[in-house]
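Undergrad: Submitted below is the structure of interest, expressed as structure tokens.
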Amino acid sequence: MGERLGILGGTFDPVHCGHLLLARHVLEALHLDRVLFVPAAEPPHKTEVLTAPGHRWRMVRAAVEGHDRLEASDLELRRPGISYTVDTLRGLRGERPDDELFLIIGADNVPELDGWHDPEGILELAAVIAGSRVEAGSLPGGAFADRVERVDTPVFDISSTEIRRRVRAGLPVRCLVPEAVEGYIADHGLYGTP
């Protein structure tokens, strides 16, 4: 019998506490066996220069260290080319044919899903789960909104962009990123560390 496996992909530049809290809430709400954090090697929708994949991978590993049932996966980093979600899901399905896959996204991504590479393929391979507290009347739309399951989670208004800005400005990021990630950013001079 396979596992109930959550997949949380992203640039993770850097991974932050909002990612961890989203994963934990969905894991508990849906009784998942574990959640994989999958950093993208070459995200299809990002145009800005990214931190090197090796740094982002090590930050993700540091972030999930010691968190029961949260794990880092280098699946996309091992695959050349653009990191399409559907290819990641196909790879996982090939490796783990008995597992039930749950793709975890933020509710803000629901309207964008129809612009992703092969959204029908994504929905055939995995249940798509949007985690966010959604107030009545503010449900995000989009062509696939009715095929996305929503899990009520607290609102985590933390962004990697804001964290990078704070680091560049010499402002603290404690409580926004795990302590190990904060240390890694400082030790490696990432994001224009002063």
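Undergrad: Which of the chymotrypsin sites (Phe, Trp or Tyr not before Pro) across the range 1-102 are loop residues per DSSP, with 12 or fewer other Cβ within 10 Å?
TA: For chymotrypsin sites (Phe, Trp or Tyr not before Pro) across the range 1-102 that sit outside H, G, I, E and B with at most 12 neighbouring Cβ atoms in 10 Å, the list is empty.
Undergrad: If you don't mind, another one. With every protein chain left in place, what is the accessible area per residue of the chain in square angstrom, probe 1.4 Å? Don't skip to the end; give the middle numbers.
TA: Values: 9650 Å² over 194 residues.
Ligands and nucleic acids excluded, the result is 50 Å² per residue.
Undergrad: For the chain, what does -39500 (n - 2.57) per DSSP helix run (n ≥ 4), summed and divided by total residues, give at 222 nm, in deg cm²/dmol to the nearest 500?
TA: Result for the chain, helices only: -10000 deg cm²/dmol.
Undergrad: May I ask you to order 2-10, 142-150 by the average number of other C-beta atoms within 10 Å around their residues, highest value first? Before the final figure, lay out each step's value.
TA: On the way: 2-10: 20.0, 142-150: 15.0.
Going by the mean number of other Cβ atoms within 10 Å, highest first, we get 2-10, 142-150.
Undergrad: Could you give the length gained by full extension between Glu48 and Arg4, i.e. 0.36 nm per residue of separation minus their alpha carbon distance, to one decimal place?
TA: Additional length available on full extension: 12.4 nm.
Undergrad: Further, regarding this structure: Exactly which GluC sites (Glu not before Pro) in the range 7-75 are in a DSSP loop and have at most 16 other Cβ atoms within 10 Å? Mind showing how you got there, number by number?
TA: On the way: sites: Glu28, Glu48, Glu65, Glu71; in loops: Glu48, Glu65.
When the GluC sites (Glu not before Pro) of the range 7-75 are filtered for loop state and at most 16 Cβ neighbours within 10 Å, Glu48, Glu65 remain.
Undergrad: Follow-up. Report the residues of the range 114-134 in range of a label on Glu100: point 7 Å along Cα→C-beta, backbone N strictly under 11 Å from it.
TA: 127
Undergrad: If you roll a 1.4 Å probe over the chain with all protein chains in place, what percent of the accessible area is carbon or sulfur?
TA: 50 percent
The values are calculated or read from the model by the stated rules, or taken from the named source; none is laboratory data. These numbers were taken from a predicted model, which means no experiment stands behind them. All Cβ positions, glycine included, derive from the backbone under ideal geometry; neighbour counts span all protein chains shown. Side chains included, ligands, DNA and RNA excluded: accessible areas come from the protein's heavy atoms. Shrake-Rupley method; radii C 1.70, N 1.55, O 1.52, S 1.80 Å.
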